[in-house]
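A short worksheet on the structure shown next.
The values are calculated or read from the model by the stated rules, or taken from the named source; none is laboratory data. It should be emphasised that the depicted structure is a prediction, and the values quoted were computed from it without experimental measurement. For neighbour counting, all protein chains shown are included, and Cβ atoms are generated from backbone atoms with ideal geometry for every residue, glycine included.
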Amino acid sequence: MYRFFQLGAAGVQMATRFVTTHECDASEKFKQTYLDAGKDDMVIIKSPVGMPGRAIRNKFLDEVKEGQRKPFECPYCCLKTCDVENSPYCITLALTNAQKGNLSNGFAFAGANAYRATKIISVKELIETIKEEYKAAAQ
């Protein structure tokens, strides 16, 4: 964060670091996915809408990579850029399932450093940690 401010950024966007907080409304199983992830579990995938994304590798993604379609039809057809006929899965279903803790039918998108999460903490503790990290980088 400090480096980007030094380069002229007016702000930063953070999401991954807040997943492993008590206040995050994702299921405990979803949060545990972050805690259990290792550096090698962070993978770039191509989503059904054609955009790349970083996710935590799991059995669902392995099966999709092997050519399995999950599900065989999309119940929503919600995104114009989604190729429903050829998509290996419905991204809306996969993300909703994952958020609810059903990771056998979904996966977790995550930032590159998601594997660095080691415990569930409060947002207050996280903000204090971020402030300390910023101060250390500025020295």
* Could you please let me know if residue 13 is out of contact with any Asp or Glu (no Cβ under 8 Å at 6 or more places or on another chain), over 18 Å from residue 101 (Cβ atoms) and not hydrophobic (A, V, I, L, M, F, W, C)? => yes
* **Total residues in the range 61-98, condition among the β-branched types (Val, Ile, Thr) and within 19 Å of residue 42 (Cα to Cα)** => 2
* What helices (runs of 4 or more DSSP H), lying completely within the range 1-105, carry at least 3 residues that are in contact (Cβ under 8 Å) with a residue 12 or more places away in the chain and of a type outside the set (Lys, Arg)? -> 16-19, 28-36, 59-65, 91-99
* **Boolean, residue 59 is over 24 Å from residue 79 (Cβ atoms) and surrounded by fewer than 17 Cβ atoms within 10 Å (Cβ to Cβ)** => yes
* Are any residues in the range 86-139 among the small types (Gly, Ala, Ser), more than 22 Å from residue 37 (Cβ to Cβ) and modelled with pLDDT of 95 or more, and if so, which ones? -> 136, 137, 138
